[in-house]
Amino acid sequence: MRKISPLQLLVHVAALIPLAWLIFDAATGGLSVNPIQDIEQRTGKYALVLLVLSLSCTPVNILTGWAPVLRWRRPLGLYAFGYAALHFLAFLGLDYAFNLRFIWADVANKRFIFVGLAALLILIPLALTSTRGWQKRLGKMWRALHRWVYLAGGLVVVHYVWAVKSDIREPLLWGAAIGAGLLIRTPPVRRWILAQRARRLTAKQRGAEASRSA
């Protein structure tokens, strides 16, 4: 059994706190005057935040060289999927009591719902194949499959923009964060960043050697 480091444990606790907070508010009457909308908005927001954090792990590693952050990608991504699933289930169950006829009649012209559903459908196979066992089974196909997470992230941002309609500054900021992370991962930018890191490390080592010999 693999040991969980304190930082990994912190990630799990931090990801579960919003759910515990939501349950506490629901049990104690701490939700807004529209509790169903409050639950949907909060679970959707938690899903977006955790997805962006998951996507940020590799760029942070590229920029800083700090390897432990890569261990956070999978749990953050799985928690993002979990909150996204809760967001969708709250919409189906609390809003429409899982009545598909009522759902279709009401949402047929609401494009933001279909975009959100598309993002969730992309995240399902990514969550199911996130284990090391599936990574070995799929081989090179695993990386190709999991690059779809950026499409899911983009769709989530579009879903958010279309849902809020008016003030779209916050969803656009999240979209910019996803875009910046994707840019850092592109081979030319990644090579340039790694080259700059190597130069700084070489200069630091030369400075240390000069100090010791002085």
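Some notes on this structure:
- Residue check for Ala118: over 29 Å from Ala20 (Cβ atoms), small (Gly, Ala, Ser) and modelled with pLDDT under 90: no
- Selection status of Trp174, at pLDDT below 95, assigned to a helix (DSSP H, G or I) and among the aromatic types (Phe, Trp, Tyr): no
- The residues in segment 24-41 that are surrounded by 11 or more Cβ atoms within 10 Å (Cβ to Cβ) and either hydroxyl-bearing (Ser, Thr, Tyr) or outside any loop (DSSP other than H, G, I, E, B) (or both) can be counted, and the count is 10.
- Single residue of segment 64-102 satisfying the filter (in contact (Cβ under 8 Å) with a residue 60 or more places away in the chain and surrounded by fewer than 17 Cβ atoms within 10 Å (Cβ to Cβ)) that is nearest to the chain's Cα centre (by Cα): Arg71
- For segment 134-151, the tally of residues that are over 22 Å from Ser56 (Cα atoms) and either touching a Leu at 6+ places or on another chain (Cβ under 9 Å) or surrounded by 14 or more Cβ atoms within 10 Å (Cβ to Cβ) (or both) stands at 2.
- Residue identified as within 30 Å of Arg197 (Cα to Cα), free of Cβ contacts under 8 Å to residues at least 12 places away in the same chain and not polar (S, T, N, Q) among Val13, Val107, Val60: Val60
- Of all residues in segment 163-192 being of a type in the set (Val, Ile, Thr) and free of Cβ contacts under 8 Å to residues at least 24 places away in the same chain, the one that is surrounded by the fewest Cβ atoms within 10 Å (Cβ to Cβ): Thr186
The values are calculated or read from the model by the stated rules, or taken from the named source; none is laboratory data. Values in this document were obtained by computation on a predicted structure and should not be read as measured data. Methodologically, a virtual Cβ is constructed for each residue, glycine included, from the backbone with ideal geometry; neighbour enumeration extends over all protein chains shown.
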